[in-house]
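> I have a structure here, written as structure tokens, and I will follow up with some questions on it.
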Amino acid sequence: MDLLGYVTLVEAGEILAQRGFPLDPAWLRRKVAAGTVNGAFKIGSPKKGTWLVPRQWAENYIKNRRGRKRRGQIGAMYSEP
């Protein structure tokens, strides 16, 4: 198996941080474990193995910037003028 096109989660986090998307490694781990990163796989033991993600994913990832609405904004939407 050719692993040259894959990076660890730490390396993926560094690539994303250089691109302006600093992401928590725990968030990346949850995203990969949930199966939302196509082509990611785990090597080593099931509990303490290392996740590998395609380098192309880290270089092309675009963070969803919608985010959650603040509690104050929700109430403002339903208030009468």
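The values are calculated or read from the model by the stated rules, or taken from the named source; none is laboratory data. Given the structure is predicted, the values throughout are model-derived calculations rather than measurements. All Cβ positions, even for glycine, are placed from backbone atoms using ideal geometry, and neighbour counts span all protein chains on display. Only protein heavy atoms, including side chains, enter the accessible area calculation; ligands, DNA and RNA are left aside. Shrake-Rupley method; radii C 1.70, N 1.55, O 1.52, S 1.80 Å.
> Please work out which one of (1) surrounded by 14 or more Cβ atoms within 10 Å (Cβ to Cβ); (2) at pLDDT 90 or above is the condition Gly5 fails and give its number.
Of (1) surrounded by 14 or more Cβ atoms within 10 Å (Cβ to Cβ); (2) at pLDDT 90 or above, only one is false for Gly5: (1).
> Among the numbered criteria (1) closer than 15 Å to Tyr61 by Cβ; (2) touching a strand residue (DSSP E or B) at 6+ places or on another chain (Cβ under 9 Å); (3) free of Cβ contacts under 8 Å to residues at least 24 places away in the same chain, which single criterion is violated by Lys42?
(1)
> Give the range 30-59 a look and list any residue that's assigned to a helix (DSSP H, G or I) and closer than 19 Å to Leu3 by Cβ, or say none.
Residues satisfying the conditions are Val32, Arg55, Gln56, Trp57, Ala58, Glu59.
> Taking the range 1-12 on its own, how many of its residues are touching a residue at least 24 places away in the same chain (Cβ under 8 Å) and in a helix (DSSP H, G or I)?
Filtering the range 1-12 for residues touching a residue at least 24 places away in the same chain (Cβ under 8 Å) gives 3, 5-9, 11-12.
Subsequent filtering for residues that are in a helix (DSSP H, G or I) retains 9, 11-12.
Number satisfying all stated conditions: 3.
> Give the range 12-31 a look and list any residue that's in contact with a Phe, Trp or Tyr (Cβ under 9 Å, 6 or more places away or on another chain) and open to solvent by 50 Å² or more (accessible area, probe 1.4 Å), or say none.
Arg19, Arg29
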